[in-house]
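Here's the structure we're looking at; comments come further down.
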Amino acid sequence: MSQPVELSGQIGTVVRTHVVKRVLKNPMGLIAIVILVLVIAMAAFADLLAPFDPNFANIGKSLANPDGVNILGTDSVGRDIWSRLVFGARTTLLSALLCAAVAIVIGLPSGLIAGYYGGKFDAAANWIVNITMSLP
């Protein structure tokens, strides 16, 4: 006949730690949070941090090296690279938030419907997701 199988493993209660405590104890998680907060602060205070308009071109200073006025130098048109970087962070973060919002607005209801009803709708949703994920 069959013999009972002995399982080895932890016996007792599982202790769940708070996510914030785990992230703050991990140096990599803490560094990532600090960098993210700095980028968000830089984007929020772009008007104060950028010394020039990001589109202001000074052809006389094209491809200038970094100095006291242009912290990171200038590009081929004479625009300040630091100003363009700071204002670019704002645009990048806003576009990332827009993408996340669209994904939540479309993905959450369709995923709930596919999970609840299943069947053909689930198969169609799965096919659409597979096609979308295969595109670069």
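Where does the charge balance sit around residue 90 when Lys and Arg score +1, Asp and Glu -1, over other residues with C-beta under 15 Å from its C-beta? Intermediate values should be presented prior to the final figure.
Numbers: positive: 84; negative: 47, 53.
Summing Lys and Arg as +1 and Asp and Glu as -1 gives -1.
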Once the dipole of the chain is set up from charges on Cβ (+1 Lys and Arg, -1 Asp and Glu), the residue from the list 40, 68, 111 lying farthest towards its positive end is 111
For segment 62-133, the Kirkwood Rh over every pair of distinct alpha carbons, in Å, works out to 15.8 Å
Which residues qualify? For residue 73, with a placed amide H closer than 5 Å and at least 5 residues away or on another chain, they are 67, 81, 82
Calc'd 3J(HN,Hα), segment 44-52, phi into Karplus 6.51 cos²θ - 1.76 cosθ + 1.60 (θ = phi - 60°), Hz, glycine/Pro = x, comes to 5, 9, 4, 5, 8, 7, 8, x, 10
Sorted on mean Cβ neighbours within 10 Å (highest first), peptides 57-70, 81-94 come out as 81-94, 57-70
Taking the dipole of the chain about the Cα centre (Lys, Arg +1; Asp, Glu -1; charges at Cβ), the one of 128, 11, 59 that reaches farthest to the positive side is 11
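Is it possible to state the helix-based mean residue ellipticity at 222 nm for the chain, with each DSSP H run of 4+ residues giving -39500 (n - 2.57), the sum divided by total residues, to the nearest 500 deg cm²/dmol? What is it? Let's see the in-between values first.
Working: 5 runs with 82 residues, N = 136.
Rounded to the nearest 500, it is -20000 deg cm²/dmol.
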Cα extents of the chain along the principal axes, largest first, in whole Å, come to 91, 42, 24
The helix 119-134 Cα axis meets the longest alpha-carbon principal axis of the chain at an angle in degrees, between 0 and 90 and rounded to 10, of 40 degrees
Computed about the Cα centre, the charge dipole of the chain from +1 Lys/Arg and -1 Asp/Glu charges at the Cβ has a magnitude in debye, to the nearest 20, of 300 debye
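Coordinate-derived values only; no laboratory data. Since the structure is predicted, the reported quantities are computational estimates derived from the model, not experimental observations. Reconstructed Cβ throughout: ideal geometry from the backbone, glycine too, with neighbour counts over all protein chains shown.
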